[in-house]
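The values are calculated or read from the model by the stated rules, or taken from the named source; none is laboratory data. None of the values given here were measured: they were computed from a predicted structure. Neighbour counts are summed over all protein chains in view; Cβ atoms, including those assigned to glycine, are modelled from backbone coordinates with ideal geometry.
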């Protein structure tokens with residue numbers, strides 16, 4: 001539904017690119033399997049809108065599935081990242097989040113995606129003042 005709200009607010013491709021889950025096969029995560037309109041309040045969502053919004057989206061997968069020897073944008077391999085993450089999980093402060101291990105890679109990917117997007121937008125925004 002968030003994508004439909006964004007669509008109706010004008011936050012659409014190609015000016016906006018969305019990040020979605022990479023573990024679902026095909027169009028599973030954005031398609032309405034019942035093929036009808038979904039209406040919440042004054043927002044209408046359907047497969048046409050969702051297909052448009054998903055055009056060119058980026059999908060994320062956790063570093064656990066990456067080639068362990070390949071250096072990423074963080075200047076670490078996925079093996080190094082997992083080792084660092086496991087080190088932090090041992091601290092009492094973070095122990096309560098131990099169950100989130102399967103999703104930690106998605107947070108990691110999303111954080112880097114936002115950081116790189118912001119970094120690459122600095123010059124464009126400076127031109128607009």
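Summary table below
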item: Given (1) out of contact with any strand residue (DSSP E or B) (no Cβ under 9 Å at 6 or more places or on another chain); (2) modelled with pLDDT under 75, index of the condition residue 67 fails; result: (1)
item: The lone exception for residue 73 - which of (1) without any contact (Cβ under 8 Å) to a residue 40 or more places away in the chain; (2) at negative phi; (3) not in a helix (DSSP H, G or I) it fails; result: (1)
item: Complete set of residues in the stretch 95-121 that are exposed (fewer than 10 other Cβ atoms within 10 Å of the Cβ), modelled with pLDDT of 75 or more and either over 18 Å from residue 57 (Cβ atoms) or not assigned by TED's automatic domain parsing to the domain that holds residue 79 (or both); result: 119
item: Extreme residue, modelled with the highest pLDDT, among residues of the stretch 35-46 that are in contact with a strand residue (DSSP E or B) (Cβ under 9 Å, 6 or more places away or on another chain) and in a loop (DSSP other than H, G, I, E, B); result: 46
item: Unique match (being outside the structural domain of residue 108 (by TED's automatic domain parsing) and at pLDDT below 80) among 27, 15; result: 27
item: Test: residue 32 is part of a loop (DSSP other than H, G, I, E, B) and modelled with pLDDT of 80 or more; result: no
